[in-house]
1. Could you check how many residues of the stretch 19-33 are open to solvent by less than 50 Å² (accessible area, probe 1.4 Å), out of contact with any strand residue (DSSP E or B) (no Cβ under 7 Å at 6 or more places or on another chain) and among the hydrophobic types (A, V, I, L, M, F, W, C)?
2. K87: in a loop (DSSP other than H, G, I, E, B), charged (D, E, K, R) and either surrounded by 17 or more Cβ atoms within 10 Å (Cβ to Cβ) or at pLDDT 90 or above (or both), yes or no?
3. For the stretch 51-60, check the following and say yes or no: at least one residue is on the phi > 0 side of the Ramachandran plot and either modelled with pLDDT of 90 or more or surrounded by 14 or more Cβ atoms within 10 Å (Cβ to Cβ) (or both).
4. I need every pair where a residue in the stretch 105-116 that is at positive phi and modelled with pLDDT under 90 has its Cβ under 9 Å from the Cβ of a residue that is open to solvent by 50 Å² or more (accessible area, probe 1.4 Å) and among the small types (G, A, S), sequence separation at least 6 or different chains.
5. Among K37, K74, K122, which is the only one that is in contact with a helix residue (DSSP H, G or I) (Cβ under 7 Å, 6 or more places away or on another chain), surrounded by 15 or more Cβ atoms within 10 Å (Cβ to Cβ) and modelled with pLDDT under 90?
6. Quick one: which strands (runs of 3 or more DSSP E) sit completely within the stretch 11-72 and have at least 1 residues that are closer than 20 Å to W115 by Cα?
Amino acid sequence: LQELGVSTNANYKITFMLDSAAMITVHTPRRGLIDVKPLGVIWGKFSEYYSKKNTIMFDDIGRNFLMNPQNGLKIRPFMKAHLNRDKDKELLKLTQYLKEIAKLDDFLELNHKHWERYLSKKQGQ
């Protein structure tokens, strides 16, 4: 996100960015100790605005969603930026998806794993 200038470009309308400093450590039977991003912190601190119904988190590491799997959308990693900058369209497509789901009152019925399929269906209507 730093390479994209998210924190310095006024065109981005990002409410929260939780980086590794915001992660907490949890124990799982399958993976042992891992760090995860706790959306509950946001929901607890700003409950009048944010909840499971209206929050989505993007990350290229799926285990970061362990505490809130329904609210996570795993994106493809942005690799070799100097070579792939012109070819990477992931965030542009995600913008379209966000515009579609922004019309919904509740994200809990969505399966973000199939976001591209959802977007194709909506654009075909």
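1. Here the count works out to 1.
2. Details: in a loop (DSSP other than H, G, I, E, B): yes; charged (D, E, K, R): yes; either surrounded by 17 or more Cβ atoms within 10 Å (Cβ to Cβ) or at pLDDT 90 or above (or both): no.
Judged against the criteria, K87 is not a match.
3. No, the stretch 51-60 has no match at all.
4. Matching pairs, first to second residue: none at all.
5. Sole residue among the options that is in contact with a helix residue (DSSP H, G or I) (Cβ under 7 Å, 6 or more places away or on another chain), surrounded by 15 or more Cβ atoms within 10 Å (Cβ to Cβ) and modelled with pLDDT under 90: K37.
6. Per the criteria, 57-59.
The values are calculated or read from the model by the stated rules, or taken from the named source; none is laboratory data. This is a predicted model, so every value here is computed, not measured. Every residue, glycine as well, gets a Cβ built from its backbone with ideal geometry; the counts of neighbours run over all protein chains shown. With ligands, DNA and RNA removed, areas are computed over all heavy atoms of the protein, side chains included. Shrake-Rupley method; radii C 1.70, N 1.55, O 1.52, S 1.80 Å.
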